[in-house]
Amino acid sequence: MVENSSRADEFASDEDRIRALLDTRVEALRVKNIDEVMSLNLSDIVVFDIPAPLQYLGNEAYRKSIVSWLESYQGPIAFETRDLNITIGGDVGFAHHLFRVSGILHSGIQTDHWVRLTYCFRKINEEWWIAHEHISLPIDLDTSKAIHDIQP
């Protein structure tokens, strides 16, 4: 019984660490601190993002996409996380949630949309890192266009 209790405590602690990592990421995005955003990822991260290409291989490739996205906004970007679910198994874990992004683009357009986010994590030397990120928008299958105004 003690062994199971200890293991549950370890997972609760790991879940807290992953939550803290994601909170740090959101705050870094909010203030456009690209170096901090990138510091949370493994160097060989694989990212499936909304803009092309189909995938970004490695932190440096992904950095270019994040910089371009952050620079498209005037001032800070607002974020809201909803329905965060974290699962941990040993030295790997994953999380998924809905993520609201809102702000004003340099073009003057106000954005406010929800995306779906999935992360895969690896624990290396007792530290959690983002190994994979998948961001998506729902699409209308009749028009093949992204749906930006859907609400959870």
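None of the figures in this text is laboratory data; all of them are computed from the coordinates on show. These numbers were taken from a predicted model, which means no experiment stands behind them. Every residue, glycine as well, gets a Cβ built from its backbone with ideal geometry; the counts of neighbours run over all protein chains shown.
In the set (1) part of a strand (DSSP E or B); (2) touching a residue at least 24 places away in the same chain (Cβ under 8 Å); (3) in contact with a Lys or Arg (Cβ under 8 Å, 6 or more places away or on another chain), Glu80 fails one condition alone, (2).
Condition first: without any contact (Cβ under 8 Å) to a residue 24 or more places away in the chain and in a strand (DSSP E or B). Now tell me which residues in region 112-126 satisfy that. Matches in region 112-126: Asp112, Arg116, Leu117. Looking for something hydroxyl-bearing (Ser, Thr, Tyr), touching a residue at least 24 places away in the same chain (Cβ under 8 Å) and over 15 Å from Arg17 (Cβ atoms) - is there at least one such residue anywhere in region 142-150? No, that holds for no residue. Looking at Ile66, Ile50, Ile135 in this structure, which one is among the aliphatic types (A, V, I, L, M), under 29 Å from Asp16 (Cα atoms) and exposed (fewer than 13 other Cβ atoms within 10 Å of the Cβ)? Checking each option against the conditions leaves just Ile50. Each residue in region 52-83 was checked for being basic (Lys, Arg) and more than 23 Å from Ala95 (Cα to Cα), and 1 pass.
Consider region 69-91 and keep the residues that are of a type in the set (Val, Ile, Thr) and touching a strand residue (DSSP E or B) at 6+ places or on another chain (Cβ under 6 Å). The one that is surrounded by the fewest Cβ atoms within 10 Å (Cβ to Cβ) is Thr87.
Just checking, how many residues over region 22-59 are closer than 14 Å to Ala131 by Cβ and not in a helix (DSSP H, G or I)? Qualifying residue count, region 22-59: 13.
Among the residues of region 35-44, those that are surrounded by fewer than 15 Cβ atoms within 10 Å (Cβ to Cβ) and within 14 Å of the chain's Cα centre (by Cα) comprise Glu36, Ser39.
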